[in-house]
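A quick write-up on the structure given underneath.
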Amino acid sequence: MTSLVEEEIRSVPFECRGCWHVWEEDYQVRHIEDRHGNEGVIWLRAGVPVPPPSPGAICPRCGSQQATMFPEGYLARHPELRRPPEPEEPDPTPLLSPVRKPYY
Ligand SMILES: [Zn+2]
């Protein structure tokens, strides 16, 4: 009998209370069941077991530990929180007024 191991990827959104940076951390969540039928969950990052995500994560921008956690999927419902990774390209069109200045 083989033990069933299920694994899923979860993106956990965080927000820093210091600089209001919003970011996500991807975790692998491994669901395990031991020989006694007890279910367990192991959180992994890059294959290394880590504690489950909790408030107090370290902000990658300012290093503050005042981050709060959002429920999973929060950012999908609030896309305005997700800032573009690159600054937007400036519009190459020069700002020219189509209205000529009146010449007196
Ligand atoms: Zn921060």
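The values are calculated or read from the model by the stated rules, or taken from the named source; none is laboratory data. Here the structure is a predicted model, which means the values were calculated and not measured. Reconstructed Cβ throughout: ideal geometry from the backbone, glycine too, with neighbour counts over all protein chains shown.
Yes or no: ARG30 within 16 Å of the ligand (Cβ to nearest atom) and either modelled with pLDDT of 90 or more or touching a Leu at 6+ places or on another chain (Cβ under 7 Å) (or both)?
It is false that ARG30 is within 16 Å of the ligand (Cβ to nearest atom) and either modelled with pLDDT of 90 or more or touching a Leu at 6+ places or on another chain (Cβ under 7 Å) (or both).
Out of curiosity, is GLY56 small (Gly, Ala, Ser) and within 14 Å of the ligand (Cβ to nearest atom)?
Criteria met by GLY56.
Pairs only if they're at least six apart or on different chains, beta carbon under 7 angstrom, first in the stretch 5-29 and touching a residue at least 40 places away in the same chain (Cβ under 8 Å) and assigned to a strand (DSSP E or B), second polar (S, T, N, Q) and near the ligand (Cβ under 10 Å from one of its atoms); list them, first residue then second.
CYS16/SER64; CYS16/GLN66
What residue, among those in the stretch 20-44 that are exposed (fewer than 13 other Cβ atoms within 10 Å of the Cβ) and within 17 Å of the chain's Cα centre (by Cα), is farthest from LEU81 (Cα to Cα)? Give the steps one after another, and end with the answer.
Just the residues of the stretch 20-44 that are exposed (fewer than 13 other Cβ atoms within 10 Å of the Cβ), to begin with: 20, 26, 34-41.
Retained after the next criterion (residues that are within 17 Å of the chain's Cα centre (by Cα)): 20, 26.
Working: TRP20: 10, ASP26: 18 Å.
Of everything passing the filter in the stretch 20-44, ASP26 is farthest from LEU81 (Cα to Cα).
Identify all residues within the stretch 45-57 that are surrounded by 12 or more Cβ atoms within 10 Å (Cβ to Cβ) and modelled with pLDDT of 90 or more; write none if there are none.
ARG45, VAL50, listed by residue number.
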